[in-house]
Each structure stands twice: as structure tokens, then as C-alpha cells.
Amino acid sequence: MGKLHIVGGGAIGSLIAASAQKNGVPYDCYPRDRKSMPSWAQWQDGQTTMLKPAKFAPVALAETDVLILPLKVYQLKAALLQWLPYLTQQPTVVLLHNGMGGLEAATELLGCDYPLLLATTSHGALKVKASTGDVYVQYTGVGATQIGAPDFGTGTPQTLTALSASAPQLANAIAMLDTALPPVQYQDDILKALWTKLSVNAVINPLTALHNIQNKYIADTEFEQSRNAICDEFTQVANACGLEFDAQTVHKNVLSVAKATGENFSSMHQDVAHGRQTEIDAINGYIVEMAKKKGIPVPENTLLVERVKALSL
Ligand code: PAF
């Protein structure tokens, strides 16, 4: 078995590392800032797992290794540039982030033939500072990870059996991730899964950030008009980009995720609360960008981008 290399010391990356440790998958972590890297994880039953010390610098990876990048989209290009000299054996690279634009950034640097997987996760994790000053990661919600290979517009979905035959390296990487932090569910149409997550983030994230509320409150009637407008615009843009969605189903799904993660503060809410850069460009900004290309007016998404950006001025 190869090794799992986790870039960044965010909550999801640390959760993957802790779960890999618990499940006996060899791994290393490469946080940007070693001081903010959690030292242990706390599971929902109160048990804890110690993380091994983080690495300082990239190392040359083997073909059987997996490099996973649970980063913000805007951090991806710099991270890939740093790792590029160490990827000559073409280990599998896995992108795991909210929003869109990662595939474009990765293919620009790695090329279209590179063994690449795209993933989205619904696991919940939070970095917490203990009274001792140590940082730990808390598992806040059991979820699942959806993963698949980009088809680069060929429009031919591959089953996992077909992928195992045509690209065993990718199938092995999926199996490794499933052992590290299960469940990892293969999606033959990963782009549809990513756009579905985009619709959820496009509604929950800006509304929770702008109104300083937990996820569950976006279901309140005062946000109905905005929810409908975001979902309608999203659906028009997605359809124009060749993805089949209908606005009612999109809206229903958003509400069910808001309910399931009701007590959470969204990642954008947290970014605003801690004065960090938000992912608005990769979420509603991506919808606006695609809408421009397709000549579709998207006033609600445009306004949300402006308003979220104004929060950090
Ligand atoms: O970005 C987030 O916070 C999450 O993707 C989600 C699903 C909105 C839950 O908080």
C-alpha cells in the first residue's frame, strides 16, 4: 500500500489524518503553519486519537501514494506549485474543497492526463483550542465523501468496475481513502455531485455569513425569496452548462442539508467571524462567472458576492 499525504492543517485534513491513524493507513501531514496543526482528534464518543508530528517540507512521492489537498480553492495553485517537483512518479492527486475552480487550476498545472480525483465531503469537523493552548480537531458530524474522476467532457460515465480496469491506480486511491475515513462513495458523475454541493453552499454559506446565523435559520420564511432566487439562477446556469437540475429539487435539497447541519455555523460564517478570506469567489462568484459566459442574468448571486465581499472590507 502507498502512503496518504495530506496537505494543509485545516479541520477536514486533520480529521482525515486522525482517522487514517486510527484505521492503520500510513500517512503524513504537511500543514502550512505547524503551530495551528491539531495534536489530537476527539471523536463523537469522547475517545481521542493522537496525531503524529507534521512534516516540514514535501518529499518525492511514489506512484502508489495519494496526495490529498483539503484546502480552500484560492490556496490550491500555490500548494500544487510547491508539490509539482515531487510528483514526477505521478501519484494520484485528490482535490477536496468547497466551491468550484479547483479542476481548472489543477489541470492547468498538471495537464489533462494526470491521475486526478475530485471529491466532496459532508463530514463535519472543527478545530478547537484547548485550555492548555493545544489545538485539537473535533468530529462534529458523521458524513460521507463522494469521489470520482473528471471525464473532461467525454460524457461517458465510468462505473467503479470500469475505472478499476482502465485506471487501477485511481481505484486503489479510492480504496485507500475509504479505509482512512469511510465511507467514500464512488460517483461516476462527480461533476454533478460537485454542482449539487455548489448549490448547497451558494444558499447556506452567504446567508449564514451575512446574517450571523446557524445553518438551520436559513429555512426561515424571511429568506424564502432569496433562497428561491439563488436556486432559480443556479439551475438556469447549471442547465446552460449541460447539467440537469430542477430548481424545486435543488431548493428541497438545500433545506434538507440546512436541517441536517442545523446547529453548525457554515465555513463562510466562520471565515467571516475570524476575519479570514471567504470562498465566495469559488461559490456564488463561480455561478456569476459561468452565467456571464452563458449570457444569463443572475442578480441575486451577484448581490450576494458584493455583500459578502463588503463584510471583509
Ligand atoms: O461550507 C460548509 O459549511 C458546509 O459545506 C455546509 C454543507 C454548508 C455545512 O455547514
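The values are calculated or read from the model by the stated rules, or taken from the named source; none is laboratory data. Model, not experiment: these values are computed from the prediction. Cβ sites come from the backbone with ideal geometry, for glycine too, and all protein chains shown count toward neighbours. To get the accessible areas, we keep the full protein, side chains included, count just its heavy atoms, and leave off ligands, DNA and RNA. Shrake-Rupley method; radii C 1.70, N 1.55, O 1.52, S 1.80 Å.
Of note:
- Cβ pairs under 7 Å, 6+ apart, first in segment 181-204 and open to solvent by 10 Å² or more (accessible area, probe 1.4 Å), second of a type in the set (Asp, Glu) and assigned to a helix (DSSP H, G or I): VAL184/ASP178
- For segment 39-70, a residue qualifies if it is farther than 16 Å from ASP28 by Cβ, without any contact (Cβ under 8 Å) to a residue 60 or more places away in the chain and of a type in the set (D, E, K, R), and exactly one does: ASP45.
- Total residues in segment 3-15, condition open to solvent by less than 10 Å² (accessible area, probe 1.4 Å) and either touching an Asp or Glu at 6+ places or on another chain (Cβ under 6 Å) or in a helix (DSSP H, G or I) (or both): 4
- Scan of segment 74-85 for residues that are in contact with a strand residue (DSSP E or B) (Cβ under 9 Å, 6 or more places away or on another chain) and among the aliphatic types (A, V, I, L, M), ordered by number: LEU76, ALA79, LEU80
- Residues of segment 16-38 classified as open to solvent by 40 Å² or more (accessible area, probe 1.4 Å), at pLDDT below 95 and in a loop (DSSP other than H, G, I, E, B), total: 2
- Residue match in segment 225-240 (condition: closer than 25 Å to GLY102 by Cβ, of a type in the set (D, E, K, R) and open to solvent by less than 20 Å² (accessible area, probe 1.4 Å)): yes
- Residue match in segment 44-66 (condition: open to solvent by 10 Å² or more (accessible area, probe 1.4 Å) and under 30 Å from ALA202 (Cα atoms)): yes
- All positions within segment 220-253 that are under 23 Å from the mean Cα position of the chain (by Cα) and within 16 Å of the ligand (Cβ to nearest atom): ARG227, ILE230, CYS231, PHE234, VAL250, HIS251, LYS252, ASN253
- Restricting segment 254-278 to residues that are part of a loop (DSSP other than H, G, I, E, B) and surrounded by 17 or more Cβ atoms within 10 Å (Cβ to Cβ), the residue that is farthest from the ligand (Cβ to nearest atom): THR278
- Breaking point among (1) at pLDDT 95 or above; (2) of a type outside the set (S, T, N, Q); (3) open to solvent by 20 Å² or more (accessible area, probe 1.4 Å), for PHE152: (1)
- Evaluation of GLU233 against (1) acidic (Asp, Glu); (2) more than 25 Å from TYR139 (Cβ to Cβ); (3) not in a helix (DSSP H, G or I) (one fails), failing number: (3)
- Residue ID - farthest from LEU51 (Cα to Cα), chosen from residues in segment 123-149 that are open to solvent by less than 30 Å² (accessible area, probe 1.4 Å) and small (Gly, Ala, Ser): ALA149
- Residue within segment 140-151 that is part of a helix (DSSP H, G or I) and either farther than 29 Å from THR235 by Cβ or in contact (Cβ under 8 Å) with a residue 12 or more places away in the chain (or both) present: no
- Filter result for THR120 (modelled with pLDDT under 95 and either open to solvent by less than 60 Å² (accessible area, probe 1.4 Å) or not in a helix (DSSP H, G or I) (or both)): no
- LEU304 open to solvent by 50 Å² or more (accessible area, probe 1.4 Å), closer than 28 Å to ILE12 by Cβ and either at pLDDT 95 or above or assigned to a loop (DSSP other than H, G, I, E, B) (or both): no
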